[in-house]
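This report refers to the structure that appears directly beneath it.
The values are calculated or read from the model by the stated rules, or taken from the named source; none is laboratory data. Predicted, not measured: the structure shown is a model, and the values here were computed from it. A quick note on method: Cβ atoms are made from the backbone with ideal geometry, for glycine too, and the neighbour counts reach across all protein chains shown. What goes into the accessible areas is simple: the full protein's heavy atoms, side chains included, and nothing from ligands, DNA or RNA. Shrake-Rupley method; radii C 1.70, N 1.55, O 1.52, S 1.80 Å.
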Amino acid sequence: MQTFEPRPRVVVGVDGSPSSYAALRWAVRYAQLVGGVVEAVYAWDTPSDIGWTGPAIDPEFDLEQARERFAEELRAVFTDERPAGMREHLAEGDPSEVLVRASQGAEVLVVGSRGRGGFARAMLGSVSQRCAQHAACPVVVVRQDQDAAH
């Protein structure tokens, strides 16, 4: 009797930064080598979730903006077509927490070395550092491509 082995999951954080684009390309290449599937994860926060107050925000509007940004970022990396079988996950919450949760059962978690976080996030520690410390699987931190052609 033949047993079914699930395909390895390669989880990658996408935030629109050049290093996250490099991480996504790395994750796709790695998944191809190991016969795995790529799960691209985009995390977004509403302003009320990150602790500052302002005008009332429509959560549906925020979700739609996040969907549009995620789609734009995937188009920026894969100008022709997305890799077959790539899964896309949009999640509300702190990026490091979302990625650590997504790392459960994954072969590897791939993140860029520098994201789009502002000064407040830098004081709390980078997403890549928190993922490296708390992920449930090995973490690969990818630096920005020096040459976009590679």
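The table that follows gives values for the structure above.
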item	result
Failed criterion for residue 12 (all others in (1) open to solvent by 80 Å² or more (accessible area, probe 1.4 Å); (2) modelled with pLDDT of 95 or more hold)	(1)
Close pairs from segment 22-41: first within 14 Å of residue 73 (Cα to Cα), partner in a helix (DSSP H, G or I) and of a type in the set (A, V, I, L, M, F, W, C), Cβ under 7 Å, at least 6 apart	24/77; 25/77; 40/24; 40/74; 41/98; 41/99; 41/102
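Quick grid of which residues meet (1) within 19 Å of residue 13 (Cβ to Cβ); (2) open to solvent by less than 80 Å² (accessible area, probe 1.4 Å); (3) at pLDDT 85 or above:
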position: 47; (1), (2), (3): no, yes, no
position: 55; (1), (2), (3): no, no, no
position: 70; (1), (2), (3): yes, yes, yes
position: 73; (1), (2), (3): yes, yes, yes
position: 76; (1), (2), (3): yes, yes, yes
position: 80; (1), (2), (3): no, no, no
position: 87; (1), (2), (3): yes, no, yes
position: 91; (1), (2), (3): yes, yes, yes
position: 97; (1), (2), (3): yes, no, yes
